[in-house]
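For reference, the structure is listed below as C-alpha cells.
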C-alpha cells in the first residue's frame, strides 16, 4: 500500500529539485546565431572588419595554446579579452561568447569549457563572412 505522506514528500521533492535540474541541463554554449550576425549595423561591421586580424591572430594563437594546456587562468584571460572586444565593438555574439566562457571557467565546468572553446573558430569564420557580405 501507498502512504499519502510519501506521495506528498516525493512530489514536493520533485517540485523543489525540478527547476534546478532543468536549469543545469539547459546550460547553453556557443551562444551566437547567424541571425544575430546578419542584424549588425554597418558601423559595427566596419569596426568588426578592423578586429578580424586580432581574432585570427593573437587570439587564435591563445585559443590554440588553451586547447592544449587547459589552464583555467589562461581560459579566463582569453574570455576576458573576447568579452572586452565584444563590448568595444558592440558585437553581442563576441560579448556573450566571452561571458559564457568566463562563467564556465569560474565554475570549473570542464565539459562546457571544451564545448565553448570548440566553437571559437566557427564564430570567427561567421564574423568574417558577415564582414564579406557587408
### Task
Could you please find all residues in segment 78-95 being surrounded by fewer than 19 Cβ atoms within 10 Å (Cβ to Cβ) and outside any loop (DSSP other than H, G, I, E, B)?
80, 81, 84, 87, 88, 92
### Residues of segment 40-81 that turn out to be under 15 Å from the mean Cα position of the chain (by Cα), under 17 Å from residue 122 (Cα atoms) and in contact (Cβ under 8 Å) with a residue 24 or more places away in the chain, as a count
2
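FYI, it's all coordinate maths here, none of it is from the lab. It should be emphasised that the depicted structure is a prediction, and the values quoted were computed from it without experimental measurement. Cβ sites come from the backbone with ideal geometry, for glycine too, and all protein chains shown count toward neighbours.
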